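Peer 1: Let me begin by handing over the structure; questions about it come next.
The values are calculated or read from the model by the stated rules, or taken from the named source; none is laboratory data. Quick caveat, the model's predicted, so the values are computed rather than measured. Neighbour counts are summed over all protein chains in view; Cβ atoms, including those assigned to glycine, are modelled from backbone coordinates with ideal geometry. Please note that ligands, DNA and RNA were not included when accessible areas were found on the heavy atoms of the full protein model with its side chains. Shrake-Rupley method; radii C 1.70, N 1.55, O 1.52, S 1.80 Å.
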Amino acid sequence: MAKKIGADGCHIGQLDNTVISARKDIKKKIIGVTCHNSKRLALKASKDKADYLAFGSFFKSRLKPYANKADLKILFWAKKNIKKPIVVIGGITDKNYKKLIK
C-alpha cells in the first residue's frame, strides 16, 4: 500500500510483511518495526535494516486493550545497544508521557 500511494514509508507490525520484503517494494523510504518488549525482535529489525524501532505498549489502550505491556528497561537497553531511532507506542497520553521521556 505504501508503494501504491507514494507514502514516505511504512510501519510493520510483527504479523505484517518483513522488512526485507518491504524494502524491495519501497526502496529507500522509511520502514519502522514494532518490537514489543523484545530484544530479539529489536536486534533482528536492526540487522534487517529497519529505519526505526517501536517498543510498547507502555500503557493500557482502548485501541489495543490486550496488547502486551512493555517494560521501561527495554528503552534503556535499546538506547545503549541499538543505533537507530526509538519510538514508544501504546496508550501514551498527555498525562503519562513524562515517565517515558525520563
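Peer 1: Which one of these is at pLDDT 95 or above, open to solvent by 50 Å² or more (accessible area, probe 1.4 Å) and in a loop (DSSP other than H, G, I, E, B): K69, K64, K84, K80? Spell out how you get there, then give the answer.
Peer 2: Numbers: K69 fails: at pLDDT 95 or above; K64 fails: at pLDDT 95 or above; K80 fails: in a loop (DSSP other than H, G, I, E, B).
From the options K69, K64, K84, K80, the qualifying one is K84.
Peer 1: Spot the failing condition for T34; the list is (1) part of a strand (DSSP E or B); (2) without any contact (Cβ under 8 Å) to a residue 40 or more places away in the chain; (3) touching a His at 6+ places or on another chain (Cβ under 9 Å), and only one is missed.
Peer 2: (2)
Peer 1: Considering only residues of region 37-61 that are among the hydroxyl-bearing types (S, T, Y) and part of a loop (DSSP other than H, G, I, E, B), which is farthest from K83 (Cα to Cα)? Working first, answer last.
Peer 2: So the first thing to find is which residues in region 37-61 are among the hydroxyl-bearing types (S, T, Y), and the list is 38, 46, 52, 57, 61.
Imposing the further condition that a residue be part of a loop (DSSP other than H, G, I, E, B) reduces the set to 38, 57, 61.
On the way: S38: 16, S57: 21, S61: 28 Å.
The qualifying residue farthest from K83 (Cα to Cα) is S61.
Peer 1: Follow-up question, since we're still on this one. I'm trying to understand the selection: among the residues of region 1-29, which are small (G, A, S), in contact with a helix residue (DSSP H, G or I) (Cβ under 7 Å, 6 or more places away or on another chain) and more than 18 Å from I89 (Cβ to Cβ)? Reasoning before the result, please.
Peer 2: Residues of region 1-29 that are small (G, A, S), as a first pass: 2, 6-7, 9, 13, 21-22.
Pick out the ones that are also in contact with a helix residue (DSSP H, G or I) (Cβ under 7 Å, 6 or more places away or on another chain) and you get 2, 9.
The one that is small (G, A, S), in contact with a helix residue (DSSP H, G or I) (Cβ under 7 Å, 6 or more places away or on another chain) and more than 18 Å from I89 (Cβ to Cβ): A2.
Peer 1: Now for a separate question. Could you tell me whether any residue of region 41-52 is in contact with a helix residue (DSSP H, G or I) (Cβ under 7 Å, 6 or more places away or on another chain), under 20 Å from I101 (Cβ atoms), surrounded by 11 or more Cβ atoms within 10 Å (Cβ to Cβ) and aromatic (F, W, Y)?
Peer 2: Within region 41-52 (the criterion being in contact with a helix residue (DSSP H, G or I) (Cβ under 7 Å, 6 or more places away or on another chain), under 20 Å from I101 (Cβ atoms), surrounded by 11 or more Cβ atoms within 10 Å (Cβ to Cβ) and aromatic (F, W, Y)), the answer is no, since none of the residues qualifies.
Peer 1: For region 2-31, give me each residue that is among the hydrophobic types (A, V, I, L, M, F, W, C) and modelled with pLDDT of 90 or more. Show your work before the answer.
Peer 2: Here is the first cut: in region 2-31, the residues among the hydrophobic types (A, V, I, L, M, F, W, C) are 2, 5, 7, 10, 12, 15, 19-20, 22, 26, 30-31.
Of everything in region 2-31, those that are among the hydrophobic types (A, V, I, L, M, F, W, C) and modelled with pLDDT of 90 or more turn out to be A2, I5, A7, C10, I12, V19, I20, A22, I26, I30, I31.
Peer 1: Among all residue pairs at least 6 apart or on different chains, which show Cβ distances below 7 Å where the first residue, located in region 63-83, is under 14 Å from H36 (Cα atoms) and the second is in a helix (DSSP H, G or I) and open to solvent by 60 Å² or more (accessible area, probe 1.4 Å)?
Peer 2: Close Cβ pairs (under 7 Å, with a partner that is in a helix (DSSP H, G or I) and open to solvent by 60 Å² or more (accessible area, probe 1.4 Å)) amount to W77/K39.
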